[in-house]
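Take a look at the structure below.
The values are calculated or read from the model by the stated rules, or taken from the named source; none is laboratory data. Fair warning: this is a prediction, and the values are worked out from it, not measured in the lab. All Cβ positions, even for glycine, are placed from backbone atoms using ideal geometry, and neighbour counts span all protein chains on display.
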Amino acid sequence: MESLKTAGRISKGLTLTSDDFIESHASRLLLLVLLCGSKDRATSTQKIEGLTKLAKLDFFVRYPAFFQRAAQALGHGDQRMDNSSSDAKMIRFHYGPWDKRYYQVIPYLEAKGLLMVSKKGSAYNFTLTELGTSIARQLSEGAGFQSLVAKMAKVKEVMSPLKGNQLKELIYKLFEQEVANKNLNDII
């Protein structure tokens, strides 16, 4: 992945997409925590409890067709949303859909002072800092993010009450062919 700061050094003949830039993934994850997270009582900031939950909520935002099927299976009726999927594909990993870029993007957000990562038991929790909240709110108001914001609002409504493991089990049950039966590291 590249940074927008170093994009000028890339060969002029290469075609780039938003998927090629860490800032694109960082923006999406900031919005995910802001819009799909829950309020931390101690800090009054938004958080997502568990890496599994973060990854599965991200999956449903990035794959609207899977979200629509899951919402119907959960009794939420027709939850239509912008059906365009993300440039950023996910892979089948040990606990379902996964993006290896999390290993780069999460520390990037933490180093920039936008996200606080804490460990509670065996789970990692992701809490927006004050600066992270401010930037995520600015992003959520930007015209270029409105489709993503709308998707996240629907995902929060349907999926937020579920824990990460419940989301994983739901994905494996509903998408056996598309996810569960894939080999590790296969693109979903």
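Keeping to the range 128-147, report how many residues are acidic (Asp, Glu) and over 24 Å from Met81 (Cβ atoms).
Number of matching residues: 1.
Against the condition in contact (Cβ under 8 Å) with a residue 60 or more places away in the chain, surrounded by 16 or more Cβ atoms within 10 Å (Cβ to Cβ) and either among the basic types (Lys, Arg) or touching a strand residue (DSSP E or B) at 6+ places or on another chain (Cβ under 8 Å) (or both), how does Lys56 come out, does it pass?
Working: in contact (Cβ under 8 Å) with a residue 60 or more places away in the chain: yes; surrounded by 16 or more Cβ atoms within 10 Å (Cβ to Cβ): yes; either among the basic types (Lys, Arg) or touching a strand residue (DSSP E or B) at 6+ places or on another chain (Cβ under 8 Å) (or both): yes.
Yes, satisfied.
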Looking only at the range 117-134, how many residues end up being of a type in the set (A, V, I, L, M) and part of a helix (DSSP H, G or I)? 1
Any chance the range 103-116 includes a residue that's of a type in the set (S, T, N, Q), touching a Ser or Thr at 6+ places or on another chain (Cβ under 8 Å) and either touching a residue at least 12 places away in the same chain (Cβ under 8 Å) or assigned to a loop (DSSP other than H, G, I, E, B) (or both)? no
Identify, from the list Lys120, Lys154, the residue that is under 18 Å from Lys56 (Cα atoms) and of a type in the set (Lys, Arg). Lys154
Quick check: is even one residue across the range 173-184 hydrophobic (A, V, I, L, M, F, W, C), closer than 13 Å to Ala70 by Cβ and in a helix (DSSP H, G or I)? yes
Go through the range 77-120 and report how many residues are at pLDDT below 90 and within 16 Å of Leu167 (Cβ to Cβ). 9
Looking at Ser147 and the list (1) hydroxyl-bearing (Ser, Thr, Tyr); (2) surrounded by 14 or more Cβ atoms within 10 Å (Cβ to Cβ); (3) in contact with a Ser or Thr (Cβ under 9 Å, 6 or more places away or on another chain), which single condition is not satisfied? (2)
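Let's see how each residue does on (1) surrounded by 16 or more Cβ atoms within 10 Å (Cβ to Cβ); (2) in contact with a helix residue (DSSP H, G or I) (Cβ under 8 Å, 6 or more places away or on another chain):
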site: Ile22; (1), (2): yes, yes
site: Leu30; (1), (2): yes, yes
site: Thr43; (1), (2): no, no
site: Ile48; (1), (2): yes, yes
site: Leu51; (1), (2): yes, yes
site: Phe60; (1), (2): yes, yes
site: Phe67; (1), (2): yes, yes
site: Leu74; (1), (2): no, yes
site: Gly96; (1), (2): yes, yes
If we scan the range 121-131, do we find a residue that is in contact with a His (Cβ under 8 Å, 6 or more places away or on another chain), of a type outside the set (Asp, Glu) and modelled with pLDDT under 95? no
Filter the range 123-163 for residues that are more than 11 Å from Glu49 (Cα to Cα), out of contact with any Gly (no Cβ under 7 Å at 6 or more places or on another chain) and of a type in the set (Ser, Thr, Tyr) and give the result. Thr133, Ser134, Ser140, Ser147
If only one of Lys120, Lys168, Lys182 is closer than 18 Å to Gly37 by Cα, among the basic types (Lys, Arg), touching a residue at least 40 places away in the same chain (Cβ under 8 Å) and surrounded by 15 or more Cβ atoms within 10 Å (Cβ to Cβ), which one is it? Lys168
